[in-house]
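K.L.:
My structure is below; once you've seen it, I'll send some questions.
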Amino acid sequence: MSVSITVQEQDFNVGEAYEAMRQINGPKVGAIAAFVGLVRDQNVKAGDGTRVNTLTLEHYPGMTESSIQSIADKALARWQLQALAIYHRVGELQPMDQIVMVMASSGHREDAFAAAQFVMDYLKTDAVFWKKELTESGSRWIESTRGDQERAKDWQSKP
């Protein structure tokens, strides 16, 4: 089982990450599920709905990676995965910049899809990041939305 957690300022290359994921466990890999999140130009759900100029993510090195590892450990205990890769950017980002990528590989698609969604849902609520939006109205710190919290909570009742 391979777990890779990368927190970085620079962008990530989806194609390179996918090729690396394909090579882990070789022909035993039957499915790779991937999610890539982008910075939106408006934050209707968590913000005031005005145009987002920048999104700045701050983190505490070590603490952030530990919080992500805890999420990964829960996914590994729940699904039969062969590999899990999580990339998360920090620093100042612009609309349309890639911000996060989760890739899960397994023998079957059900485990890969479920694990990728689970990890993403918990990244929104449990990963240690501080997010600040700069909009036309000024700057503000943002937190996970009620919908984010409900999706994470829903996993507790799912098998």
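K.L.:
Of these, LEU76, LEU57, LEU38, which one is more than 18 Å from THR125 (Cα to Cα) and not small (Gly, Ala, Ser)?
P.N.:
It is LEU76.
K.L.:
Tell me the residue from VAL102, VAL90 that is surrounded by fewer than 23 Cβ atoms within 10 Å (Cβ to Cβ), at pLDDT 95 or above and not small (Gly, Ala, Ser), please.
P.N.:
VAL90
K.L.:
Considering only residues that are exposed (fewer than 12 other Cβ atoms within 10 Å of the Cβ) and either touching a residue at least 12 places away in the same chain (Cβ under 8 Å) or aromatic (Phe, Trp, Tyr) (or both), which ones fall in the stretch 11-40?
P.N.:
LYS28, the sole residue that qualifies.
K.L.:
Can you work out which of the residues in the stretch 40-82 that are under 16 Å from THR135 (Cβ atoms) and within 16 Å of the chain's Cα centre (by Cα) is modelled with the lowest pLDDT?
P.N.:
Restricting attention to the stretch 40-82, the residues satisfying the condition of being under 16 Å from THR135 (Cβ atoms) are 40-57.
Restricting the remaining residues to those that are within 16 Å of the chain's Cα centre (by Cα) gives 40, 55-57.
Details: ARG40: 89, LEU55: 95, THR56: 97, LEU57: 97.
This residue is ARG40.
K.L.:
Here is a follow-up. Output the number of the condition that ARG89 fails; it satisfies all remaining conditions of (1) more than 13 Å from the chain's Cα centre (by Cα); (2) closer than 21 Å to ILE142 by Cα; (3) among the charged types (D, E, K, R).
P.N.:
The failed condition is (1).
The values are calculated or read from the model by the stated rules, or taken from the named source; none is laboratory data. Model, not experiment: these values are computed from the prediction. When we count neighbours, we look across all protein chains shown, and the Cβ atoms used for this are built from the backbone with ideal geometry, even at glycine.
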